[in-house]
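Read through the structure below, which is laid out as structure tokens, and then see the notes.
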2 protein chains.
Amino acid sequence: MTNLDSTFAALSHETRRAILGKLASGETPLSDLAKPFNMSLTAVSKHVRVLSDAGLLTVERRGRTRHCRLNAQPMKQAADWLTDYQSFWSGQFDSLARHLAAKGDR
Amino acid sequence: MTNLDSTFAALSHETRRAILGKLASGETPLSDLAKPFNMSLTAVSKHVRVLSDAGLLTVERRGRTRHCRLNAQPMKQAADWLTDYQSFWSGQFDSLARHLAAKGDR
DNA sequence: AAGTTAATGAACCATATGGTTGACTATCCG
DNA sequence: CGGATAGTCAACCATATGGTTCATTAACTT
């Protein structure tokens with residue numbers, strides 16, 4: 001799996017995006033992250049692992065708690081990949097228009 | 001699965017991103033899409049289905065060929081979601097800096 | 001009519017994902 | 001020491017994913 005693969009895959013789950021949302025307001029212990037969710041701590045721990053593997057957060061062990069901190073760097077790569085397609089969604093130049101333009105080009 | 005879920009999931013595979021890349025240069029029949037890949041047409045057809053389900057492309061049947069066309073609209077939503085985090089990766093205000101700022105805030 | 005090409009469908013396989021529970025480890029608190 | 005809290009690990013389960021092959025349908029070509 002490439003970097004982009006794991007980044008997009010990690011972002012493809014609502015729970016994980018919510019975790020990142022929480023982390024945007026600052027470092028948070030895993031148990032606090034888990035509270036809003038109707039699932040076991042184990043399940044949240046697994047989601048955190050996926051995010052960690054994708055490099056979207058870092059975990060620091062401090063005493064018995066794990067402190068999670070957002071690392072948005074991989075998101076930049078994802079955003080960069082997406083912006084290559086910006087012209088296709090920016091209205092002014094949608095995919096149909098481009099299609100027609102390409103045909104008229106010949 | 002929400003819209004964002006399926007968009008990010010669809011983008012999490014190299015082959016599917018490559019398919020979208022190809023479509024950026026214009027409408028393409030499925031069989032042409034499949035050529036560069038070292039896998040069966042069936043496999044590519046499945047990837048196209050995933051992209052189609054996510055709304056990232058549309059398929060138009062024309063005679064015996066299926067013509068695929070890029071639809072970047074869902075990418076805009078994904079990009080919009082990501083830009084909420086832009087401040088975290090824009091160097092000027094990275095996650096560590098924000099973390100320290102939050103601590104100093106008190 | 002016969003053959004080729006485009007594509008899907010069905011069955012199968014291996015592995016990944018998302019969740020659970022129960023046992024265990026480690027740390028903190030009294 | 002004894003108990004509560006934070007978290008992982010292992011086993012298990014259901015379903016999804018990514019690929020294959022073989023058969024089949026549908027549409028062009030000659």
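Quick notes on this structure:
- Residues in the range A:3-41 that, when all protein chains are in place, have 50 Å² or more less accessible area than the chain alone would give (probe 1.4 Å): A:Asp5, A:Phe8, A:Ser12, A:Arg17, A:Ala24
- At 7 Å out from Cα toward Cβ: A:Ser45 inter-copy label distances (nm, ascending): 4.4
- Accessible surface buried by the B/A pair amounts to about 2900 Å², both sides summed, 1.4 Å probe.
- What separates the A:Glu60 label point from its copies, with the point 7 Å along Cα to Cβ, is 5.6 nm, written shortest first.
- Options B:Leu82, B:Leu23, B:Ala34, ranked by Cα towards positive dipole end of the range B:3-105, top entry (Cβ charges): B:Ala34
- Cα-Cα over 27 Å, subset of A:Lys76/B:Lys22; A:Lys46/B:Lys35; B:Lys22/B:Lys76; A:Lys22/A:Lys76; A:Lys46/A:Lys76: A:Lys46/B:Lys35
- Mean partner shielding of peptide A:58-70, defined as the number of other chain Cβ atoms within 10 Å of each residue Cβ, is 1.
- Percent carbon-and-sulfur accessible area, the range B:25-75, ignoring ligands, DNA and RNA, probe 1.4 Å: 47
- When Rg and the Kirkwood radius Rh are both evaluated on Cα atoms of the range A:3-105, their ratio Rg/Rh stands at 1.19.
- Charge dipole of the range A:1-88 (Cα centre as origin; +1 on each Lys and Arg Cβ, -1 on each Asp and Glu Cβ, all else neutral): 500 debye, rounded to the nearest 20.
- A 1.4 Å probe run over the range B:3-105, with the rest of the protein chains in place, finds 52 Å² accessible per residue.
The values are calculated or read from the model by the stated rules, or taken from the named source; none is laboratory data. Being a predicted model, the structure only gives us computed values, none of them experimental. No Cβ is skipped: glycine too gets one built from the backbone with ideal geometry, and neighbour counts run over all protein chains shown. The accessibility values were calculated without ligands, DNA or RNA, using every heavy atom of the protein model including side chains. Shrake-Rupley method; radii C 1.70, N 1.55, O 1.52, S 1.80 Å.
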